[in-house]
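**Q** This is the structure I want to talk about, given as structure tokens.
The values are calculated or read from the model by the stated rules, or taken from the named source; none is laboratory data. In this text the structure is predicted, and so the values were computed from the model without any measurement. Here the Cβ positions follow ideal geometry from the backbone for every residue, glycine too, while neighbour counts run over all protein chains shown.
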Amino acid sequence: MTDCLADAENEYNPHFEYSPLSRPFIADGISVIVEIFRPFGEDCGWNLQVVDEGLDITVWMDVFDTDVEAFEQFLQTVELEGIDSFAATPIKPLH
């Protein structure tokens with residue numbers, strides 16, 4: 001991991017470069033969006049954030065050396081804490 005703050009570029013924000021590992025992710029009926037990004041044109045590490053169905057954002061304070069490390073950290077968090085750890089409000093099924 002590095003000390004550099006990061007951001008990225010694509011259709012979401014032209015100042016950032018988004019990793020191809022950024023994607024929707026669904027587990028146990030819960031959907032989140034994984035965003036891995038860094039400042040466009042800079043080589044200072046990758047940021048990781050997860051957006052839940054309620055548009056709440058979980059942000060890692062660490063900056064990762066590679067986008068693969070960032071995605072692996074996301075997967076490890078899902079494995080250890082569950083996908084519902086990203087949901088700010090428990091999702092209740094409608095009857």
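**Q** List the number of the failed condition for GLY41; all other conditions in (1) part of a loop (DSSP other than H, G, I, E, B); (2) touching a Cys at 6+ places or on another chain (Cβ under 9 Å) hold.
**A** (2) is the only condition that GLY41 fails.
**Q** So, one more: What number of residues in the range 14-52 are buried (at least 16 other Cβ atoms within 10 Å of the Cβ), touching a helix residue (DSSP H, G or I) at 6+ places or on another chain (Cβ under 6 Å) and among the charged types (D, E, K, R)?
**A** 1
**Q** If you go through the range 57-74, how many residues are free of Cβ contacts under 8 Å to residues at least 24 places away in the same chain and of a type in the set (S, T, N, Q)?
**A** 1
**Q** Within the range 44-67, does at least one residue satisfy the condition of being at pLDDT 85 or above and in a helix (DSSP H, G or I)?
**A** Yes - at least one qualifying residue is present in the range 44-67.
**Q** Which members of the range 43-55 meet the condition of being touching a strand residue (DSSP E or B) at 6+ places or on another chain (Cβ under 9 Å) and free of Cβ contacts under 8 Å to residues at least 40 places away in the same chain?
**A** Across the range 43-55, the qualifying residues are LEU48, GLN49, VAL50, VAL51, ASP52, GLU53.
**Q** Further, regarding this structure: Is it true that ILE83 is in contact with a Pro (Cβ under 6 Å, 6 or more places away or on another chain), modelled with pLDDT of 90 or more, on the phi < 0 side of the Ramachandran plot and not basic (Lys, Arg)?
**A** No.
**Q** I'd like the full set of residues that are touching a Ser or Thr at 6+ places or on another chain (Cβ under 9 Å), at pLDDT 90 or above and of a type in the set (A, V, I, L, M), limited to the range 1-43.
**A** VAL32, ILE33, VAL34, ILE36
**Q** Would you check which residues across the range 53-64 are loosely packed, with under 14 Cβ neighbours inside 10 Å and farther than 18 Å from VAL78 by Cβ and list them?
**A** LEU55, MET61
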